Amino acid sequence: MKRTQILVSSLMIVLAAQILHAQQPGWEFSVGAGIGGETVYSGSDDYYIAPLPSVKASYSSGNVNYSLSILEGLGITYMNPNWGLMASASVNAGATRDREEYTVIGVPVKHSARTRALLAGSPNLNTPLAVTTMLAYPSPIGLFGVSLGIHPTSVEYNRTDRQDETRNGMLYSLLYTVGGRATEQLSFSGLFSIEFMDQTYADTWYSVDKPTNSLSAHKADAGLRNGLIALEMSYRISERISLSAVGASTILMSDAKDSPYTVETVQRAVTAQMLYHF
């Protein structure tokens, strides 16, 4: 399953929860399964729902937490109690946009005829791995932070007049997250963020340098990309079994909203899982 808004949301919430809810030192493992749904690419109005396996391992020692997950990738979080700051870095799968298909848990699926017609003649985009760093300040009313994401994206033009290339776009975010417990079993976390893109990212994902049958020429500028609201809820059935659900809405803004690739401005995504912890 490709990296999406909902998985980014989940990752940010998990990172914040590591500070808002203290973890015990040592190893922690979880496995589980559920379902997830999202758009076939950012800006599309075609959605899919697919099975969502989950395997995660984390290790806490002192002020450092390491984690490895098939959904959230590889991450490290450091908390300095003297400074009152949290720093994190993660590596995970990035976004894709292909003319013919999208991928679900590694399985290619054909786009609808309408989406194939829209994307015909456009370049294929693929970010195999994205690196995100975050610096945050935990306060009594929540966690305030900033993040920087580097997205090396291969651009396959399928044109004789243009060579394929790799572009290193960047995303910047301002975020706020808050979490707590409603009961002994039920906990929640919420995330609110505003994201900005640099010129390389804008050109790669939202500009149309050569018009096609369905896409008119468009020059996207750097600046505001989207706003994001996400909510995560977790219910502990027993000491080892829990249910979790995450819902997110991303509102594309400015030149990301005005791009010919953007069919639907509001992008929604959900996941629901049952997890076994050991």
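The values are calculated or read from the model by the stated rules, or taken from the named source; none is laboratory data. Keep in mind it's a predicted model, so treat the numbers as computed, not measured. Ideal geometry is used to build each Cβ from the backbone, glycine not excepted, and the neighbour counts take in all protein chains shown.
Restricting the search to the range 129-166, which residues are closer than 30 Å to residue 78 by Cα and assigned to a loop (DSSP other than H, G, I, E, B)?
Those that are closer than 30 Å to residue 78 by Cα and assigned to a loop (DSSP other than H, G, I, E, B): 129, 140, 141.
Any residue at all in the range 36-47 that is modelled with pLDDT of 90 or more, among the charged types (D, E, K, R), more than 15 Å from residue 73 (Cβ to Cβ) and assigned to a strand (DSSP E or B)?
Yes, the conditions are met somewhere in the range 36-47.
If I go through the range 117-128 residue by residue, how many of them are in a loop (DSSP other than H, G, I, E, B), in contact (Cβ under 8 Å) with a residue 40 or more places away in the chain and either touching a Gly at 6+ places or on another chain (Cβ under 7 Å) or under 11 Å from residue 94 (Cα atoms) (or both)?
1
Condition check ((1) of a type outside the set (Val, Ile, Thr); (2) more than 14 Å from the chain's Cα centre (by Cα)) across all residues:
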| residue | (1), (2) |
| --- | --- |
| 230 | yes, no |
| 237 | no, yes |
| 245 | yes, yes |
| 249 | yes, no |
| 253 | yes, yes |
| 258 | yes, yes |
| 268 | yes, no |
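For the range 233-263, how many residues are farther than 23 Å from residue 53 by Cα and modelled with pLDDT under 95?
Residues meeting the conditions: 1.
So, of the residues in the range 166-192 that are modelled with pLDDT under 95 and charged (D, E, K, R), which turns out to be surrounded by the fewest Cβ atoms within 10 Å (Cβ to Cβ)?
Restricting to residues being modelled with pLDDT under 95 and charged (D, E, K, R), the top hit is 184.
Rundown of residues vs (1) over 20 Å from residue 124 (Cα atoms); (2) small (Gly, Ala, Ser), yes/no style:
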residue	(1), (2)
182	yes, yes
191	yes, no
197	no, no
224	yes, no
241	yes, no
248	yes, yes
252	yes, no
265	yes, no
274	yes, no
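Quick one: in the range 237-246, of everything that is in contact with an Asp or Glu (Cβ under 8 Å, 6 or more places away or on another chain) and not hydroxyl-bearing (Ser, Thr, Tyr), which residue is nearest to residue 264 (Cα to Cα)?
Among them, the one singled out is 246.
Give the residues of the range 78-114 that are more than 30 Å from residue 138 (Cβ to Cβ) and over 23 Å from the mean Cα position of the chain (by Cα), sorted by residue number.
112, 113, 114
Taking strands (runs of 3 or more DSSP E) that do not extend beyond the range 217-278, which have at least 3 residues that are within 21 Å of residue 180 (Cβ to Cβ) and touching a helix residue (DSSP H, G or I) at 6+ places or on another chain (Cβ under 9 Å)?
Result: 223-236, 241-252.
Take the conditions over 22 Å from residue 142 (Cα atoms) and crowded, with 16+ Cβ neighbours inside 10 Å and apply them to residue 207. Does it pass?
Taking the combined requirement at face value, the residue satisfies it.
Consider residue 103 carefully, then state whether it is surrounded by fewer than 17 Cβ atoms within 10 Å (Cβ to Cβ) and at pLDDT below 95.
Against the criterion (surrounded by fewer than 17 Cβ atoms within 10 Å (Cβ to Cβ) and at pLDDT below 95), residue 103 qualifies.
Search the range 264-274 for residues being in contact (Cβ under 8 Å) with a residue 24 or more places away in the chain, under 27 Å from residue 54 (Cα atoms) and not polar (S, T, N, Q), and hand back the single one that is surrounded by the most Cβ atoms within 10 Å (Cβ to Cβ).
If we take residues in the range 264-274 being in contact (Cβ under 8 Å) with a residue 24 or more places away in the chain, under 27 Å from residue 54 (Cα atoms) and not polar (S, T, N, Q), then 269 is surrounded by the most Cβ atoms within 10 Å (Cβ to Cβ).
In the range 46-71, what count of residues is obtained for those that are crowded, with 18+ Cβ neighbours inside 10 Å and among the small types (Gly, Ala, Ser)?
So the answer is 5.
Name, by its number, the condition in (1) under 29 Å from residue 32 (Cβ atoms); (2) of a type in the set (A, V, I, L, M); (3) surrounded by 14 or more Cβ atoms within 10 Å (Cβ to Cβ) that does not hold for residue 224.
Here residue 224 meets the rest and fails (1).
Looking at the range 107-116, is at least one residue modelled with pLDDT under 90, farther than 23 Å from residue 149 by Cα, β-branched (Val, Ile, Thr) and loosely packed, with under 15 Cβ neighbours inside 10 Å?
For the range 107-116, residues modelled with pLDDT under 90, farther than 23 Å from residue 149 by Cα, β-branched (Val, Ile, Thr) and loosely packed, with under 15 Cβ neighbours inside 10 Å: present.
Before we move on, is residue 169 touching a strand residue (DSSP E or B) at 6+ places or on another chain (Cβ under 7 Å), more than 20 Å from residue 126 (Cβ to Cβ) and not basic (Lys, Arg)?
no
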